[in-house]
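Read through the structure below, which is laid out as C-alpha coordinates, and then see the notes.
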Amino acid sequence: MRSWYEKYDQLLDFWRQQGHFLVDEREDPSLSKWPHTQRQRYKGTDSQQARLSKNEIYLLERIGFAWTSDREEVEWQMRYDELVQFGEKHGRVRVKQ
(Lines give C-alpha, C1' and ligand atoms only; values in the text may rest on other atoms or scores of the structure.)
Protein backbone atom coordinates (compact mmCIF):
# COMPACT_ATOMS: atom_id res chain seq x y z
CA MET A 1 0.00 0.00 0.00
CA ARG A 2 1.36 3.39 -0.95
CA SER A 3 2.00 5.99 1.68
CA TRP A 4 -0.17 9.09 2.00
CA TYR A 5 2.60 11.25 0.52
CA GLU A 6 3.02 9.02 -2.52
CA LYS A 7 -0.71 9.26 -3.26
CA TYR A 8 -0.58 13.00 -2.63
CA ASP A 9 2.22 13.32 -5.20
CA GLN A 10 0.24 11.19 -7.64
CA LEU A 11 -2.81 13.43 -7.16
CA LEU A 12 -0.63 16.51 -7.58
CA ASP A 13 0.68 15.16 -10.89
CA PHE A 14 -2.90 14.45 -12.00
CA TRP A 15 -3.93 18.02 -11.08
CA ARG A 16 -0.99 19.50 -13.00
CA GLN A 17 -2.05 17.56 -16.09
CA GLN A 18 -5.83 17.89 -15.81
CA GLY A 19 -6.37 21.07 -13.78
CA HIS A 20 -8.79 19.45 -11.34
CA PHE A 21 -9.05 16.72 -8.70
CA LEU A 22 -12.03 14.77 -10.06
CA VAL A 23 -10.25 11.56 -10.95
CA ASP A 24 -12.44 9.27 -13.03
CA GLU A 25 -12.37 5.63 -11.98
CA ARG A 26 -11.91 4.58 -15.60
CA GLU A 27 -8.79 6.76 -15.90
CA ASP A 28 -7.08 5.61 -12.72
CA PRO A 29 -9.00 3.20 -10.45
CA SER A 30 -6.56 3.33 -7.54
CA LEU A 31 -6.19 7.12 -7.52
CA SER A 32 -9.91 7.79 -8.02
CA LYS A 33 -10.75 6.43 -4.55
CA TRP A 34 -8.05 8.37 -2.73
CA PRO A 35 -9.60 11.90 -2.99
CA HIS A 36 -12.93 10.49 -1.79
CA THR A 37 -11.22 8.89 1.20
CA GLN A 38 -9.48 12.18 2.05
CA ARG A 39 -12.84 13.99 1.96
CA GLN A 40 -14.31 11.39 4.32
CA ARG A 41 -11.33 11.64 6.65
CA TYR A 42 -11.60 15.45 6.61
CA LYS A 43 -15.29 15.30 7.54
CA GLY A 44 -14.76 12.49 10.03
CA THR A 45 -17.44 10.34 8.40
CA ASP A 46 -15.37 7.17 8.05
CA SER A 47 -15.01 5.39 11.38
CA GLN A 48 -12.45 3.02 9.84
CA GLN A 49 -10.02 5.85 9.01
CA ALA A 50 -8.27 8.37 11.23
CA ARG A 51 -9.07 12.02 10.61
CA LEU A 52 -6.65 13.98 8.47
CA SER A 53 -3.73 15.52 10.30
CA LYS A 54 -3.27 19.30 10.28
CA ASN A 55 -0.32 18.83 7.94
CA GLU A 56 -2.35 16.71 5.51
CA ILE A 57 -5.13 19.31 5.49
CA TYR A 58 -2.57 22.06 4.94
CA LEU A 59 -0.96 20.24 2.02
CA LEU A 60 -4.30 19.53 0.35
CA GLU A 61 -5.56 23.07 0.84
CA ARG A 62 -2.27 24.50 -0.42
CA ILE A 63 -2.89 22.92 -3.83
CA GLY A 64 -6.56 23.97 -3.88
CA PHE A 65 -8.02 20.52 -3.21
CA ALA A 66 -11.82 20.62 -3.39
CA TRP A 67 -13.51 19.24 -0.28
CA THR A 68 -16.54 18.42 -2.39
CA SER A 69 -16.83 15.88 -5.17
CA ASP A 70 -19.80 17.65 -6.77
CA ARG A 71 -18.48 18.20 -10.30
CA GLU A 72 -20.72 21.20 -11.00
CA GLU A 73 -19.68 22.93 -7.80
CA VAL A 74 -16.00 22.25 -8.47
CA GLU A 75 -16.25 23.54 -12.05
CA TRP A 76 -18.11 26.65 -10.88
CA GLN A 77 -15.37 27.35 -8.33
CA MET A 78 -12.68 26.86 -10.98
CA ARG A 79 -14.36 29.39 -13.29
CA TYR A 80 -14.83 31.81 -10.40
CA ASP A 81 -11.13 31.54 -9.52
CA GLU A 82 -10.25 32.25 -13.17
CA LEU A 83 -12.46 35.35 -13.08
CA VAL A 84 -10.79 36.58 -9.89
CA GLN A 85 -7.36 36.13 -11.49
CA PHE A 86 -8.56 37.96 -14.60
CA GLY A 87 -9.86 40.82 -12.43
CA GLU A 88 -6.57 41.08 -10.58
CA LYS A 89 -4.64 41.18 -13.84
CA HIS A 90 -6.90 43.54 -15.83
CA GLY A 91 -8.56 45.62 -13.10
CA ARG A 92 -12.01 44.56 -14.24
CA VAL A 93 -14.12 41.41 -14.23
CA ARG A 94 -16.18 42.04 -17.33
CA VAL A 95 -14.72 39.77 -19.97
CA LYS A 96 -15.00 40.98 -23.56
CA GLN A 97 -16.10 38.34 -26.05
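For the stretch 15-27, the criterion of being in contact (Cβ under 8 Å) with a residue 40 or more places away in the chain, part of a helix (DSSP H, G or I) and open to solvent by 80 Å² or more (accessible area, probe 1.4 Å) is met by at least one residue. Assess whether SER30 counts as being polar (S, T, N, Q), modelled with pLDDT under 90 and in a helix (DSSP H, G or I). Here the answer is yes, as SER30 does meet what is asked.
If the condition is being within 20 Å of ARG16 (Cβ to Cβ), open to solvent by less than 70 Å² (accessible area, probe 1.4 Å) and of a type outside the set (Val, Ile, Thr), then the stretch 31-66 contributes LEU31, SER32, TRP34, PRO35, GLN38, GLU56, LEU59, LEU60, GLY64, PHE65, ALA66. Close contacts from the stretch 48-68, counting a first residue that is touching a residue at least 40 places away in the same chain (Cβ under 8 Å) and more than 14 Å from TYR5 (Cα to Cα) and a second that is assigned to a helix (DSSP H, G or I) and open to solvent by less than 40 Å² (accessible area, probe 1.4 Å), with Cβ to Cβ under 6 Å and a gap of 6+ residues or different chains, come to ALA66/VAL74.
Of the residues GLN77, GLN38, the single one that is under 14 Å from the mean Cα position of the chain (by Cα), assigned to a helix (DSSP H, G or I) and over 18 Å from ASP13 (Cα atoms) is GLN77.
The values are calculated or read from the model by the stated rules, or taken from the named source; none is laboratory data. The structure presented is a predicted model; accordingly, all values stated were derived computationally and were not measured. Glycine gets a Cβ as well: all are built from the backbone with ideal geometry, and neighbour counts include every protein chain shown. With ligands, DNA and RNA removed, areas are computed over all heavy atoms of the protein, side chains included. Shrake-Rupley method; radii C 1.70, N 1.55, O 1.52, S 1.80 Å.
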